[in-house]
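Read the structure below first, then the notes.
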Amino acid sequence: MSGQRSMLRQSSHQFTVNTRGRGIYEITQPVMEWVEKSSIKSGLLTLHLQHTSASLLIQENADPEVRRDLERFFSRLVPDGDPLFEHTAEGEDDMPAHVRTALTAVNLSIPIMASRPALGTWQGIYLWEHRHHAHTRRVAAHIIGE
Amino acid sequence: MSGQRSMLRQSSHQFTVNTRGRGIYEITQPVMEWVEKSSIKSGLLTLHLQHTSASLLIQENADPEVRRDLERFFSRLVPDGDPLFEHTAEGEDDMPAHVRTALTAVNLSIPIMASRPALGTWQGIYLWEHRHHAHTRRVAAHIIGE
Amino acid sequence: MSGQRSMLRQSSHQFTVNTRGRGIYEITQPVMEWVEKSSIKSGLLTLHLQHTSASLLIQENADPEVRRDLERFFSRLVPDGDPLFEHTAEGEDDMPAHVRTALTAVNLSIPIMASRPALGTWQGIYLWEHRHHAHTRRVAAHIIGE
């Protein structure tokens, strides 16, 4: 898989994800399709969420209970309306959304092998909306390889 | 943005950030300037913090309350001097600093578009110092693109 | 370190890590050896763990107390058998393992400088097994550079 130096190239894209409020939204399919369309067989995929109150997450894709329990745990760990927070002008869920984002991730870096992101059997790619209202979220994507 | 394979190149750098103790320090400006100087218009930026008691963070750049509340939340979640900790020889804030680092991130990967890191409107890049004393922190940076 | 565009190339690998149950396992050595064997002197290393109940972690490599305290903190923060969780069919440690994974990371991105990952003096690369039973864990690795 090495040594094909002359064939290296890159491609960029911006994904738009419309959320319907707090929850975990799978984006594996559109990401897979974009990687396939790039015709890059081996390389590196990077996803960067351009927001500070939502996250990118790699988690189990089999049992929806896992996502419900993740949400339940984070709701208890970072309660909406916590009197600790000073930044409350944008709503009781705003500062908790920033904290959840800091506790998780906004970037993902995944090798591409055999024309696909090298996800494990049980891994899916998710956007985790932390705000209660619906939002339009943007994910900057980059792929480099051959 | 794809297919310009023959123009791909890379560049590396090491940033030094002098902190004045626990707090969140913006580093967006020097990172932007270095990306611009590299003349890479599209590609991938990677930042890696070479320490285990501070973090790299992408967070809201508008309201300083957000950073104060983040600090307040993490101080409550991982209290200094927690009797749970065995590793106390380097001070009451040392083990909490390692835990905060594990809960956040030391790497960031951000696509470059239009000669700039593809940050959202409200996103800034920060170094979060978790120790109470001033430290000199080093960030290894890499850019690849065309 | 820039401008050597014609020499850029990439390489991929899959590491296998056999864990003996919950704990933090150092993988710095095999990663270093693979980077060295690639003959890439400067570039970017990416590691992606192909699981949702274990993490990749960069932490202190000097004092084993730090890893014991990290484990102790996470065991208290995300207790096994927490009645909050609905997803319990796979054991009391299964859902806590997913939560710990969400709170930490499954990807690492580290610049390569002088033929080595640009780790700080005290940084090591670890796989954090969150399940109590032994597991075979796979890490997809990618390097690009010159």
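Only one of B:79, B:96, B:83, B:111 is within 20 Å of residue A:47 (Cβ to Cβ) and out of contact with any Lys or Arg (no Cβ under 8 Å at 6 or more places or on another chain); which? Before you say what the answer is, go through the steps one by one.
Numbers: B:79 fails: within 20 Å of residue A:47 (Cβ to Cβ); B:96 fails: within 20 Å of residue A:47 (Cβ to Cβ); B:83 fails: within 20 Å of residue A:47 (Cβ to Cβ).
Of B:79, B:96, B:83, B:111, the one residue that is within 20 Å of residue A:47 (Cβ to Cβ) and out of contact with any Lys or Arg (no Cβ under 8 Å at 6 or more places or on another chain) is B:111.
Among the residues of the range A:109-122, what is the count of those that are facing chain C (nearest Cβ under 8 Å) and in contact with a Pro (Cβ under 9 Å, 6 or more places away or on another chain)?
Here the count works out to 3.
Kindly check whether there is at least one residue in the range B:101-116 that is surrounded by fewer than 21 Cβ atoms within 10 Å (Cβ to Cβ), at pLDDT 95 or above and polar (S, T, N, Q).
The answer is yes, given that some residue of the range B:101-116 is surrounded by fewer than 21 Cβ atoms within 10 Å (Cβ to Cβ), at pLDDT 95 or above and polar (S, T, N, Q).
For a quick check of your reading: which strands (runs of 3 or more DSSP E) sit entirely within the range C:1-98 and have at least 3 residues that are in contact with a strand residue (DSSP E or B) (Cβ under 7 Å, 6 or more places away or on another chain), within 14 Å of chain A (Cβ to nearest Cβ) and open to solvent by 10 Å² or more (accessible area, probe 1.4 Å)?
On the way: elements: C:9-18, C:23-26, C:43-49, C:54-60.
Those strands (runs of 3 or more DSSP E) span C:9-18.
Among the residues that make up the range A:123-142, is at least one of them under 30 Å from residue C:9 (Cβ atoms) and not in a strand (DSSP E or B)?
Applying the first criterion (under 30 Å from residue C:9 (Cβ atoms)) to the range A:123-142 yields A:123, A:125, A:139-142.
Next, from what is left, pick out any that are not in a strand (DSSP E or B): none.
Looking for residues that are under 30 Å from residue C:9 (Cβ atoms) and not in a strand (DSSP E or B), one finds none in the range A:123-142, hence no.
Can you name every residue in the range C:131-145 that is buried (at least 19 other Cβ atoms within 10 Å of the Cβ), in contact with a Lys or Arg (Cβ under 8 Å, 6 or more places away or on another chain) and of a type outside the set (A, V, I, L, M, F, W, C)?
C:131, C:145
Test residue A:68 against the stated conditions and say whether it is farther than 24 Å from residue B:70 by Cα, among the charged types (D, E, K, R) and over 13 Å from the mean Cα position of the chain (by Cα). Quick ask: steps written out before the conclusion?
On the way: farther than 24 Å from residue B:70 by Cα: yes; among the charged types (D, E, K, R): yes; over 13 Å from the mean Cα position of the chain (by Cα): yes.
So residue A:68 fits the description; yes.
If a residue must be in contact with a helix residue (DSSP H, G or I) (Cβ under 9 Å, 6 or more places away or on another chain) and either of a type in the set (A, V, I, L, M, F, W, C) or within 17 Å of residue C:105 (Cβ to Cβ) (or both), how many such residues does the range A:54-104 contain?
Counting residues in the range A:54-104 that are in contact with a helix residue (DSSP H, G or I) (Cβ under 9 Å, 6 or more places away or on another chain) and either of a type in the set (A, V, I, L, M, F, W, C) or within 17 Å of residue C:105 (Cβ to Cβ) (or both) gives 21.
Taking the range C:52-69, which residues are touching a residue at least 12 places away in the same chain (Cβ under 8 Å) and touching an Asp or Glu at 6+ places or on another chain (Cβ under 9 Å)?
Residues of the range C:52-69 touching a residue at least 12 places away in the same chain (Cβ under 8 Å): C:52-62, C:67.
Of everything in the range C:52-69, those that are touching a residue at least 12 places away in the same chain (Cβ under 8 Å) and touching an Asp or Glu at 6+ places or on another chain (Cβ under 9 Å) turn out to be C:52, C:53, C:54, C:55, C:61, C:67.
Here are some conditions: (1) more than 8 Å from every other protein chain (Cβ to nearest Cβ); (2) open to solvent by less than 50 Å² (accessible area, probe 1.4 Å); (3) modelled with pLDDT under 95. Residue A:128 meets all but one. Which one does it not meet?
So the condition that residue A:128 fails would be (3).
The values are calculated or read from the model by the stated rules, or taken from the named source; none is laboratory data. Keep in mind it's a predicted model, so treat the numbers as computed, not measured. As a convention, Cβ positions derive from the backbone with ideal geometry for all residues, glycine included, and neighbour counts pool all protein chains shown. What goes into the accessible areas is simple: the full protein's heavy atoms, side chains included, and nothing from ligands, DNA or RNA. Shrake-Rupley method; radii C 1.70, N 1.55, O 1.52, S 1.80 Å.
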